[in-house]
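Visitor: Below: one structure in structure tokens.
The values are calculated or read from the model by the stated rules, or taken from the named source; none is laboratory data. Computed from a predicted structure; not experimentally measured. Reconstructed Cβ throughout: ideal geometry from the backbone, glycine too, with neighbour counts over all protein chains shown.
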Amino acid sequence: MSQPNIVLVIMDTVRAKNLPMYGYQRNTMPFLNKISKKSILYENAYSNAPWTIPSHATLFTGKNQSEHYVIGIEDKLRTETLAEKMKRMGYHTFGVSNNPLITALTGFDKGFDKFYSIIEQKNELLSEDETLIKKIFQLRTYEKSFIKRVFKLFVFSVRRKKVKEFIKILLSRIASRIRNTSFHDKGANKTNKIIEKEIKTLKQPFFIFINYLEAHSPYDAPKRIKKMFNAPQDRVEIVEFMRENHTKDLELINNAYDAGLYYLDTKLKELYYIFKKNNLLKNTIFIFTSDHGEFLGEHGYFGHELDLYPEVIKIPLIIKFPNNKHTHIKKEVSLKDVYFMILNNFKLSQKNIFIEYYGLDTFTTKIPLSLRYRGIKKDILKETSQYMAATIENGVELILREDGEEIVYVNNGTASTEEISILRQRLLKEVGKIKLKRTHYFNRKRLINKLRGIKHGKNRNLR
Ligand SMILES: [Zn+2]
């Protein structure tokens, strides 16, 4: 086969745990399930970060977070990207992103001949401050009332002397809220229409990157799908459940998330048939994966970021080749491996998994933590505002945290002291290699010394 076309599909926020090919009892994604039986299914795939920006940055560069430094919304992807490499290899590169964090603002359009960002007001040129205020609106804020949130943002804007921008964006948010009362998707419809149109003139071989946001909160789906999954009629904003005793709602939240997956699946099917219709299946490789998972109440968490437990880092990875070769790969892989696989003819080299999280306070340094996360429990805020690193092998995950806690997560059975010790040494070696240029994110010395000085008796075993 001469250079095959490659379609890289990021199903944003899709965790492996709720998918039928990963053992879930519900058929949440029937189309993908069918495809997975004609594909290489990676049973143990992980993202290298628990949220969008650093995770995509690793996928796009093959580097750890501590090497690419794209760990917050103020960072910009500067090193050579996958798309740029593909271009040098003779590929025609094309990207569509529905995630407002994966745009030209963060440099993720680098290397694409054409890159569409499907976000509101996409034709509007925003100044840096407007962008910032707009992003605050989009942030997950744990303040329950919209009015209260708006008031806080108003105060923030007055301090920054950006009241005009604030009003402009507020009005557009209200308009979109009114529009949003009935279901409309988060861009998948538009994305597929763009692909359908562009595919006709796109030269081969092509590399297409797509980020679909349908599984991301607020969880939503068309009425008939919600009914199928017993999901609540209103869309579910998980952030509202963070503070309260919400155990009774767990099932409903899970149902709402499942309904979103099912809707996304219908859009994947639609996408696949666009390629089929254009007679492209015989020389196109499809990669279906995600940038991170999602907490649906596990460990007291909802949403993503926050921590490195399996729920938020275990993702699907399904690679479909034109010859429909089907196998299951048990060996642990990460998005970093996907980068190298795409560039090296899909050969998998054995690499250790290294996952990092720089904490909630590094998402952005411009917006005060107190503004973003007012209302969130203090202990949760403290726990999630630290650096942590993790590695996984043979079903054993070890998480080391800056506060000295060590967490062992065992898939099945137990982990021996020796196994844990090997993982620990490996992690400390990786952490020891970190050379941070941007020290404002955290005190590197403190971090490394703390991780080195961990008292190993202080671990939690989770099953
Ligand atoms: Zn994401």
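Visitor: Is it true that residue 266 is farther than 21 Å from residue 13 by Cα, over 13 Å from the mean Cα position of the chain (by Cα) and in contact (Cβ under 8 Å) with a residue 40 or more places away in the chain? Step through it out loud before you land on a result.
Guide: Values: farther than 21 Å from residue 13 by Cα: no; over 13 Å from the mean Cα position of the chain (by Cα): yes; in contact (Cβ under 8 Å) with a residue 40 or more places away in the chain: yes.
It is false that residue 266 is farther than 21 Å from residue 13 by Cα, over 13 Å from the mean Cα position of the chain (by Cα) and in contact (Cβ under 8 Å) with a residue 40 or more places away in the chain.
Visitor: Sticking with this one: Looking at 81, 93, which is the one that is away from the ligand (no atom under 16 Å from the Cβ) and touching a strand residue (DSSP E or B) at 6+ places or on another chain (Cβ under 8 Å)? Lay out the reasoning, then the answer.
Guide: Values: 81 fails: touching a strand residue (DSSP E or B) at 6+ places or on another chain (Cβ under 8 Å).
Of 81, 93, the one residue that is away from the ligand (no atom under 16 Å from the Cβ) and touching a strand residue (DSSP E or B) at 6+ places or on another chain (Cβ under 8 Å) is 93.
Visitor: Separate question: Take residue 276 and tell me if it is basic (Lys, Arg) and either surrounded by fewer than 16 Cβ atoms within 10 Å (Cβ to Cβ) or modelled with pLDDT under 95 (or both). If you could, list the steps in order and put the result at the bottom.
Guide: Details: basic (Lys, Arg): yes; either surrounded by fewer than 16 Cβ atoms within 10 Å (Cβ to Cβ) or modelled with pLDDT under 95 (or both): yes.
Here the answer is yes, as residue 276 does meet what is asked.
Visitor: Can you name the residue in the range 361-380 that is surrounded by 15 or more Cβ atoms within 10 Å (Cβ to Cβ) and either in contact with a strand residue (DSSP E or B) (Cβ under 9 Å, 6 or more places away or on another chain) or part of a helix (DSSP H, G or I) (or both) and is also modelled with the highest pLDDT among such residues?
Guide: Ranking the qualifying residues of the range 361-380, first place goes to 380.
Visitor: Let me ask something else. Of all residues in the range 342-360, count the ones that are assigned to a helix (DSSP H, G or I) and surrounded by fewer than 18 Cβ atoms within 10 Å (Cβ to Cβ). Steps first, please.
Guide: The first filter runs over the range 342-360 and keeps only residues assigned to a helix (DSSP H, G or I), leaving 342-343, 360.
Next cut, surrounded by fewer than 18 Cβ atoms within 10 Å (Cβ to Cβ) only: 343.
Residues flagged as assigned to a helix (DSSP H, G or I) and surrounded by fewer than 18 Cβ atoms within 10 Å (Cβ to Cβ) within the range 342-360 amount to 1.
Visitor: Six or more apart or on different chains, Cβ under 9 Å: which pairs go from a residue in the range 30-55 that's more than 16 Å from the ligand (Cβ to nearest atom) to one that's in a strand (DSSP E or B) and among the aromatic types (Phe, Trp, Tyr)? Could you list them?
Guide: 32/288; 35/286; 35/288; 36/288; 39/286; 39/288
Visitor: Then there is this: Mind listing whichever residues of the range 289-300 are more than 9 Å from residue 15 (Cβ to Cβ) and surrounded by 23 or more Cβ atoms within 10 Å (Cβ to Cβ)?
Guide: If we filter the range 289-300 for residues that are more than 9 Å from residue 15 (Cβ to Cβ), which is where we start, we get 289, 291, 297-300.
Within the range 289-300, just 291 meets the criteria.
Visitor: Select from the range 203-219 the residues that are within 16 Å of the ligand (Cβ to nearest atom) and not aromatic (Phe, Trp, Tyr) and list them in ascending order.
Guide: Result: 210, 211, 213, 214, 215, 216, 217, 218.
Visitor: All but one of (1) of a type outside the set (A, V, I, L, M); (2) over 20 Å from the mean Cα position of the chain (by Cα); (3) part of a helix (DSSP H, G or I) hold for residue 55; which doesn't?
Guide: Condition (2) is where residue 55 drops out.
Visitor: Go through (1) within 16 Å of the ligand (Cβ to nearest atom); (2) in a loop (DSSP other than H, G, I, E, B); (3) of a type in the set (A, V, I, L, M) one by one and return the number of the condition residue 231 breaks.
Guide: Failing condition for residue 231: (1).
Visitor: State the number of residues belonging to the range 12-29 that are surrounded by 23 or more Cβ atoms within 10 Å (Cβ to Cβ), more than 16 Å from the ligand (Cβ to nearest atom) and charged (D, E, K, R).
Guide: Residues flagged as surrounded by 23 or more Cβ atoms within 10 Å (Cβ to Cβ), more than 16 Å from the ligand (Cβ to nearest atom) and charged (D, E, K, R) within the range 12-29 amount to 0.
Visitor: List pairs: first residue in the range 10-23 and over 21 Å from residue 56 (Cα atoms), second residue within 16 Å of the ligand (Cβ to nearest atom) and at pLDDT 95 or above anywhere in the structure, Cβ distance under 7 angstrom, at least six positions apart or on different chains.
Guide: Partner pairs satisfying both residue conditions: 18/257; 18/261; 19/316; 22/16; 22/316.
Visitor: Residue 337 passes all but one of (1) over 28 Å from residue 402 (Cα atoms); (2) not in a loop (DSSP other than H, G, I, E, B); which number fails?
Guide: Failed condition: (1).
Visitor: Sticking with this structure for a sec: Need the failing condition index for residue 151 against (1) touching a Gly at 6+ places or on another chain (Cβ under 9 Å); (2) among the aromatic types (Phe, Trp, Tyr); (3) at pLDDT 70 or above, just the number.
Guide: Just one mismatch for residue 151, condition (1).
Visitor: Hey, another quick one. With 52, 93, 28 as the choices, which residue is among the β-branched types (Val, Ile, Thr) and touching a Pro at 6+ places or on another chain (Cβ under 7 Å)? Walk me through how you get there before you give the answer.
Guide: On the way: 52 fails: touching a Pro at 6+ places or on another chain (Cβ under 7 Å); 93 fails: touching a Pro at 6+ places or on another chain (Cβ under 7 Å).
Every option except 28 fails the conditions.
Visitor: Exactly one of (1) more than 15 Å from the ligand (Cβ to nearest atom); (2) modelled with pLDDT of 95 or more is unmet by residue 1. Its number?
Guide: Single failed check for residue 1: (2).
Visitor: On to the next question. Out of the residues in the range 14-52 meeting the condition of being of a type in the set (A, V, I, L, M) and in a loop (DSSP other than H, G, I, E, B), tell me which one is farthest from residue 264 (Cα to Cα). Spell out the reasoning first.
Guide: Initial filter on the range 14-52 (of a type in the set (A, V, I, L, M)): 14, 16, 19, 21, 29, 32, 35, 40-41, 45, 49.
If we keep only those that are in a loop (DSSP other than H, G, I, E, B) too, we end up with 14, 19, 29, 49.
Working: 14: 10, 19: 12, 29: 8, 49: 22 Å.
So, considering only residues that are of a type in the set (A, V, I, L, M) and in a loop (DSSP other than H, G, I, E, B), the one farthest from residue 264 (Cα to Cα) is 49.
Visitor: Given (1) at positive phi; (2) within 16 Å of the ligand (Cβ to nearest atom), identify the lone condition not met by residue 8.
Guide: Evaluating residue 8 over (1) at positive phi; (2) within 16 Å of the ligand (Cβ to nearest atom) leaves (1) as the failure.
Visitor: When the range 289-317 is examined, which residues are found to be aromatic (Phe, Trp, Tyr) and away from the ligand (no atom under 15 Å from the Cβ)? Steps first, answer last, please.
Guide: Step one: filter the range 289-317 for residues aromatic (Phe, Trp, Tyr), giving 295, 301-302, 309.
If the condition is that a residue be aromatic (Phe, Trp, Tyr) and away from the ligand (no atom under 15 Å from the Cβ), then 301, 309 are the ones that fit.
Visitor: Another one. From (1) surrounded by fewer than 19 Cβ atoms within 10 Å (Cβ to Cβ); (2) in contact with a Lys or Arg (Cβ under 8 Å, 6 or more places away or on another chain), pick out the condition that doesn't hold for residue 66.
Guide: All conditions pass for residue 66, except number (1).
Visitor: Here are some conditions: (1) away from the ligand (no atom under 16 Å from the Cβ); (2) surrounded by 23 or more Cβ atoms within 10 Å (Cβ to Cβ); (3) within 17 Å of residue 35 (Cβ to Cβ). Residue 264 meets all but one. Which one does it not meet?
Guide: Result: residue 264 passes all but (1).
Visitor: Give the residues of the range 62-78 that are farther than 21 Å from residue 359 by Cβ and either within 16 Å of the ligand (Cβ to nearest atom) or not basic (Lys, Arg) (or both), sorted by residue number.
Guide: Start the filter on the range 62-78 by keeping residues that are farther than 21 Å from residue 359 by Cβ, which leaves 62, 78.
Matches in the range 62-78: 62 only.
Visitor: Would the range 220-228 turn up any residue that is on the phi > 0 side of the Ramachandran plot and more than 16 Å from the ligand (Cβ to nearest atom)?
Guide: Initially, the range 220-228 is screened for residues on the phi > 0 side of the Ramachandran plot, giving none.
Checked against the condition, which is being on the phi > 0 side of the Ramachandran plot and more than 16 Å from the ligand (Cβ to nearest atom), the range 220-228 yields no hits at all.
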